[in-house]
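> Here it is, the structure, as structure tokens.
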Amino acid sequence: MKILVIGSGAREHTIISALRRDPEKHEILAAPGNAGISAEAEIVALNPANPKVVTEFAATSDVDLVIIGPEAPLVAGVANSLRKAGVAVFGPDKEAAAIEGSKSFAKEIMAAANVPTGQAWTVSDHDGLLVALDASGSPYVVKADGLAAGKGVLVTEDRDAAIEHATFYLQHGDVLVEEFLEGPEVSLFFLSDGHTIVPMTPAQDYKRAFDADEGPNTGGMGAYSPLPWLDDDFIATVTTTIAQPVIDELASRGHPFIGVLYCGLIVTDSGIKVIEFNARFGDPETQVVLARLESPLAPLLYAAATEMLESVEAPRFSDDCAITVVLASEGYPENPETGREIVGLDRLPVNDHVTIAHAATAWDGSDLLATGGRVMSIVATGATFSDARAHAYGTLEHISLEGSHYRHDIALSVSS
Ligand code: AMP
Ligand code: GLY
């Protein structure tokens, strides 16, 4: 297959590496890609968030499948345009992607589909905010309604901080105040062809910047999979009480969801509840989910894109333990320092259990530079989480980037 992957993060690098492991050899193109992706795919210079540009390219280049990684092109309508032109695309139309792009729309869908989630108040001004904070009580959960790259959410016991955060985002649109939900978080992805869904395997993300869940929320600093502490019926429960009802609700509104429905869940004492949906693969969870995927990836995504999921075999996952640790630039998430050189990747000890998924990297002549906050994901597998941790953290010792930071406690709680 000729496949175009849209995006430039470690998620897209991981997707491309997984496609390259398929028994069928694909021709893989990427836009805009990054330094790591450029070694595994042909980079196409086009604006990935411009529906017309992407569609013209795909249609005239005989691309068989477009895989859209990040949310911005989805919300911009790139999938709508491709689908209209008859190109198979893995990624939802913007109306369905609104389940991620608008938290109040997600709440509306969940209410209509009877899906368990925290109580929420949508506020559009200061007075409404104060009423909602009184109603929810502490700890306060305040969320920007639109996309904010993982930074729009504040969970705090400090009412003034909650007000300050909400006041900032109220300049841009509505804000959601949400009931605080307590319990471990799980990310579970479902492939959807609009009607039929297929679960991937659960992963846990580490959202806070620093060890022991200190510091601000980020896009994700690491992940592991599988989750040995989950009940056996977890996937079945999420499928029947959350994912299928949401997919059915979107289809009944004339917006079938084709792509990945990312269910961000909290396992509370009173059951599994939704904290968010995303309309795409999670980053960095994809790094550990695809590290354990044994089935070929392209046939699964193509089946989703062409309403054929019912006829494919469910994806198989290995029993390996997979972890990923994100190397971040100094100052991430608030103010990442960029343009610094990354040293050591060419001298890594050979280790079959480790791969590097590039995110914000670019070549400057023969220097590899960090160009953003999350620079790369170190992905490792092992028979145990202790083994996988040893591989990942051993590798990080050989990589240097001035001022960079990463979490040291990824999968520590499940290592013995
Ligand atoms: P979100 O972008 O909605 O996933 O929120 C980012 C992070 O904030 C989540 O991963 C949780 O750690 C936390 N969070 C969001 N909503 C809640 C909630 N209702 N209760 C507790 N924590 C939450
Ligand atoms: N890791 C969280 C996300 O992809 O939104």
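> Under the condition of being more than 8 Å from ligand 2 (Cβ to nearest atom) and among the hydrophobic types (A, V, I, L, M, F, W, C), which residue from region 274-288 is nearest to Leu327 (Cα to Cα)?
So the residue we want is Val288.
> Starting from residues that are within 24 Å of the chain's Cα centre (by Cα) and open to solvent by less than 30 Å² (accessible area, probe 1.4 Å), keep the ones in region 105-124 and report whichever is farthest from ligand 2 (Cβ to nearest atom).
Here the residue is Ala113.
> Let me ask something else. Any residue that is surrounded by 19 or more Cβ atoms within 10 Å (Cβ to Cβ) and away from ligand 2 (no atom under 14 Å from the Cβ) - is there at least one of those in region 207-223?
no
> From the list Val289, Val350, which residue is closer than 30 Å to Gly118 by Cα and of a type outside the set (Ser, Thr, Tyr)?
Values: Val350 fails: closer than 30 Å to Gly118 by Cα.
Just one listed residue meets the conditions, Val289.
> Then there is this: Considering only region 24-43, state which residues are surrounded by 17 or more Cβ atoms within 10 Å (Cβ to Cβ) and in a loop (DSSP other than H, G, I, E, B).
Within region 24-43, His26, Gly33, Asn34, Ala35, Gly36, Ala41 qualify.
> Does region 95-124 hold any residues that are β-branched (Val, Ile, Thr) and part of a loop (DSSP other than H, G, I, E, B), and which are they?
If the condition is that a residue be β-branched (Val, Ile, Thr) and part of a loop (DSSP other than H, G, I, E, B), then Val115 is the only one that fits.
> Now, a different point. Tell me yes or no: at least one residue of region 225-233 is open to solvent by 10 Å² or more (accessible area, probe 1.4 Å), of a type in the set (Phe, Trp, Tyr) and within 16 Å of ligand 2 (Cβ to nearest atom).
There is no residue in region 225-233 that is open to solvent by 10 Å² or more (accessible area, probe 1.4 Å), of a type in the set (Phe, Trp, Tyr) and within 16 Å of ligand 2 (Cβ to nearest atom).
> Can you say whether Glu249 is outside any loop (DSSP other than H, G, I, E, B), away from ligand 1 (no atom under 16 Å from the Cβ) and surrounded by fewer than 19 Cβ atoms within 10 Å (Cβ to Cβ), as far as the supplied structure shows?
In short, no.
> Please determine, by comparing only the residues of region 273-305 that are assigned to a strand (DSSP E or B) and within 13 Å of ligand 1 (Cβ to nearest atom), which one is nearest to the chain's Cα centre (by Cα).
Among them, the one singled out is Asn278.
> Only one residue in Thr241, Thr268 is within 16 Å of ligand 1 (Cβ to nearest atom) and out of contact with any strand residue (DSSP E or B) (no Cβ under 6 Å at 6 or more places or on another chain), so which one is that? Working first, answer last.
Numbers: Thr241 fails: within 16 Å of ligand 1 (Cβ to nearest atom).
Testing whether each residue is within 16 Å of ligand 1 (Cβ to nearest atom) and out of contact with any strand residue (DSSP E or B) (no Cβ under 6 Å at 6 or more places or on another chain) leaves just Thr268.
> Kindly check whether there is at least one residue in region 125-143 that is open to solvent by 20 Å² or more (accessible area, probe 1.4 Å), within 21 Å of Val246 (Cβ to Cβ) and not in a helix (DSSP H, G or I).
no
> Residues of region 349-365 being open to solvent by 40 Å² or more (accessible area, probe 1.4 Å), closer than 12 Å to Ala291 by Cα and touching a residue at least 40 places away in the same chain (Cβ under 8 Å), which ones?
Residue satisfying the conditions is Thr355 alone.
> Of the residues that sit in region 306-317 and are in contact (Cβ under 8 Å) with a residue 60 or more places away in the chain and in a loop (DSSP other than H, G, I, E, B), which one is least open to solvent (accessible area, probe 1.4 Å)?
Among those that are in contact (Cβ under 8 Å) with a residue 60 or more places away in the chain and in a loop (DSSP other than H, G, I, E, B), it is Pro315.
The values are calculated or read from the model by the stated rules, or taken from the named source; none is laboratory data. Model, not experiment: these values are computed from the prediction. Virtual Cβ from ideal backbone geometry, glycine too; neighbours counted across all protein chains shown. The protein model used for the area step is the full one, side chains on, heavy atoms only, and it has no ligands, DNA or RNA in it. Shrake-Rupley method; radii C 1.70, N 1.55, O 1.52, S 1.80 Å.
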